[in-house]
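Have a look at the structure below before the remarks.
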Amino acid sequence: MKLAIVADELDPSNGWGRYAGELARGLIAAGVDVRLVTPGGTMPADLRAHPDHAPIPSFRHGTPHFGRLLARTIRPMWRALRGVDVVHCMVEPYAPAVALAAGLRPLFVSLVGTYSVPSTRDWLESRMLRLAMRRARRMIAISRYTEQRVRRDTGFTHTTVVPLAVRTDEFGVPDPPPAREAGLMLAVGEPKPRKGFDLALEAFAAVHVRLPRSRFVIVGPYAPGSSFVARLRERIHGLGLDDAVILTGAVSHDELVRWYSRASVVVMPYRSVGRDFEGFGLVLLEAGACGAPVISSLDSPAEEIVAHGETGLLVTPGDTAALEAAILRVLTSADERGRLGERGSAHTATMTWERSTAQLIDVYEQTLSRPIRQGLWHDG
């Protein structure tokens, strides 16, 4: 049985790419006959060397509209799916084209985040996405939070959850480990309103009054013309924190690991902003793998990663006073930092891509009522 994995990227430097790439790698290693249906581009060497690829146009680097993407993609998608038995669309914008090109073949659709909620799209995109979702045998959410958002929006119940994971060997503390920097507060990701970096900044400003040697570092790529970054910089200047707050821009993987390993606390106060929400919160796992204590938000997927008071702290979304108190709680107590970091690291060690891959294979086989791995397929 041949499985087509449809994805926009397999590049581990972004969330979509890491999700699709890690699961593709795991399925191939488990003996599933996989065809990678992607635009190509940057990807790990082992996936690039995989013998079965088929090209399609890019959503992220092409036309970011479902209708135009469908028009550009349907013919290449139809060609790419020739000879496959099962199709898994791992990026929601491709779902309408995949649903048409797959014909009667079993279809699985991933629910990764904001793009998975039809009502957040315009009328045409919403209609196209709903039709593709209805056509899917099973929809696979990356978190219960995302699953619940989709269920409330659509009424569809043919969903399940296969969570994201982390490679602890890639995010473990370097040897020799760098010293934890007292008062270093870290946030990671492309600055966007839903990640709450502006809330973290306001809380940090109050913390900095109490702890003048503290500093706040935001690590992640951003566009030169980002209006959100411009507002952040203006607020940093207005608060007189130019010397205490740094936006690094894009960094290498090794640099990212060093930042995690030096941080005294990683703060990710996720919130919903308009139609945007965080689908999982992978940064929290990466921080945990490096032994860094984490603070995040209730009413977000962080609740599935962080046990409040045990493996991290959770505060009400948008409550900067509560966020300030949580940051001070961690930064002013070495015992608290050590306890949360150790327990977070132990929990993170259970969140492996091998575990997620095994869960995904179970979803395939239970839905199809037959094995999907090579050598286990029998007609009739």
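The values are calculated or read from the model by the stated rules, or taken from the named source; none is laboratory data. Remember, predicted model here, so these are calculated numbers, not experimental data. Backbone-built Cβ (ideal geometry, glycine too); neighbour counts: all protein chains shown.
Assess whether residue 11 counts as being modelled with pLDDT of 85 or more, part of a loop (DSSP other than H, G, I, E, B), over 16 Å from residue 95 (Cβ atoms) and acidic (Asp, Glu).
Details: modelled with pLDDT of 85 or more: yes; part of a loop (DSSP other than H, G, I, E, B): yes; over 16 Å from residue 95 (Cβ atoms): yes; acidic (Asp, Glu): yes.
The answer is yes for residue 11.
Hey, can you tell me all the residues within region 119-135 that are touching a residue at least 24 places away in the same chain (Cβ under 8 Å) and assigned to a loop (DSSP other than H, G, I, E, B)?
Taking region 119-135 as the starting set, the residues that turn out to be touching a residue at least 24 places away in the same chain (Cβ under 8 Å) are 119-121, 124-125, 128-133, 135.
If the condition is that a residue be touching a residue at least 24 places away in the same chain (Cβ under 8 Å) and assigned to a loop (DSSP other than H, G, I, E, B), then 121 is the only one that fits.
Being small (Gly, Ala, Ser) and closer than 12 Å to residue 191 by Cβ is the filter here; which residues of region 216-249 pass it? Full working, then the answer.
From region 216-249, those small (Gly, Ala, Ser) are 220, 223, 225-227, 230, 238, 240, 244, 249; that's our starting set.
Scanning region 216-249 gives 220, 223, 226, 227, 230, 249.
Given 324, 336, which one is of a type in the set (D, E, K, R), modelled with pLDDT of 95 or more and crowded, with 19+ Cβ neighbours inside 10 Å? Steps first, please.
Values: 336 fails: crowded, with 19+ Cβ neighbours inside 10 Å.
Only one candidate qualifies: 324.
Quick one: in region 287-312, of everything that is on the phi < 0 side of the Ramachandran plot and of a type in the set (Asp, Glu), which residue is farthest from the chain's Cα centre (by Cα)?
The extreme case among them is 310.
Which number in (1) assigned by TED's automatic domain parsing to the domain that holds residue 285; (2) under 22 Å from the mean Cα position of the chain (by Cα); (3) crowded, with 17+ Cβ neighbours inside 10 Å; (4) not small (Gly, Ala, Ser) marks the one condition that residue 160 misses?
Tallying (1) assigned by TED's automatic domain parsing to the domain that holds residue 285; (2) under 22 Å from the mean Cα position of the chain (by Cα); (3) crowded, with 17+ Cβ neighbours inside 10 Å; (4) not small (Gly, Ala, Ser), residue 160 fails exactly one: (1).
How many residues does region 20-49 hold that are modelled with pLDDT of 95 or more and among the hydroxyl-bearing types (Ser, Thr, Tyr)?
1
Considering only residues that are surrounded by 24 or more Cβ atoms within 10 Å (Cβ to Cβ) and of a type in the set (S, T, N, Q), which ones fall in region 260-303?
Across region 260-303, the qualifying residues are 296, 297, 300.
Working carefully through the options 16, 78, find the one that is within 22 Å of residue 111 (Cβ to Cβ) and aromatic (Phe, Trp, Tyr). It would help to see each step written out before you state the result.
Details: 78 fails: within 22 Å of residue 111 (Cβ to Cβ).
One residue alone meets the criteria, 16.
Pick from region 253-301 the residues that are small (Gly, Ala, Ser) and over 29 Å from residue 212 (Cα atoms): which of them is modelled with the lowest pLDDT?
Initially, region 253-301 is screened for residues small (Gly, Ala, Ser), giving 261, 263-264, 272, 274, 279, 281, 287-289, 291-292, 296-297, 300.
This time we only want the ones that are over 29 Å from residue 212 (Cα atoms), so: 272, 274, 279, 281, 300.
Details: 272: 92, 274: 83, 279: 93, 281: 94, 300: 96.
Only one residue fits best here, namely 274.
Can you tell me how many residues in region 99-118 are out of contact with any Gly (no Cβ under 7 Å at 6 or more places or on another chain) and either of a type in the set (A, V, I, L, M) or without any contact (Cβ under 8 Å) to a residue 40 or more places away in the chain (or both)?
Here the count works out to 13.
Any idea which of (1) at pLDDT below 95; (2) touching a His at 6+ places or on another chain (Cβ under 6 Å) is the one residue 120 doesn't satisfy?
So residue 120 meets the others, but not (2).
I need the full set of residues from region 67-85 which are in contact with a helix residue (DSSP H, G or I) (Cβ under 7 Å, 6 or more places away or on another chain) and either within 18 Å of residue 53 (Cβ to Cβ) or of a type outside the set (A, V, I, L, M, F, W, C) (or both), in order please.
Residues of region 67-85 in contact with a helix residue (DSSP H, G or I) (Cβ under 7 Å, 6 or more places away or on another chain): 67, 69-70, 73-74, 77-78, 81.
Matches in region 67-85: 67, 73, 77, 78, 81.
Cβ-Cβ distance below 6 Å, separation of 6 or more or different chains: which pairs start in region 222-243 with a residue that is within 21 Å of residue 194 (Cβ to Cβ) and end on one that is of a type in the set (A, V, I, L, M, F, W, C)?
222/229; 236/245
Is it true that residue 306 is closer than 24 Å to residue 149 by Cβ, assigned by TED's automatic domain parsing to the domain that holds residue 182, without any contact (Cβ under 8 Å) to a residue 60 or more places away in the chain and among the β-branched types (Val, Ile, Thr)? Break it down into steps so the answer makes sense when it comes.
On the way: closer than 24 Å to residue 149 by Cβ: yes; assigned by TED's automatic domain parsing to the domain that holds residue 182: yes; without any contact (Cβ under 8 Å) to a residue 60 or more places away in the chain: yes; among the β-branched types (Val, Ile, Thr): yes.
Yes, satisfied.
Would you confirm whether or not region 279-296 contains a residue that is of a type in the set (Asp, Glu), under 19 Å from residue 346 (Cα atoms) and part of a helix (DSSP H, G or I)?
So in region 279-296, the residues of a type in the set (Asp, Glu) come out as 286.
Subset that is under 19 Å from residue 346 (Cα atoms): 286.
Within this subset, residues satisfying the condition of being part of a helix (DSSP H, G or I) are 286.
Taking every residue of region 279-296 in turn, at least one turns out to be of a type in the set (Asp, Glu), under 19 Å from residue 346 (Cα atoms) and part of a helix (DSSP H, G or I).
With (1) buried (at least 20 other Cβ atoms within 10 Å of the Cβ); (2) touching a helix residue (DSSP H, G or I) at 6+ places or on another chain (Cβ under 7 Å); (3) of a type outside the set (Asp, Glu); (4) not in a loop (DSSP other than H, G, I, E, B) as the list, and residue 306 as the residue in question, which single condition is left unmet?
(4)
Is region 344-360 home to any residue that is in the same structural domain as residue 279 (by TED's automatic domain parsing) and part of a strand (DSSP E or B)?
no
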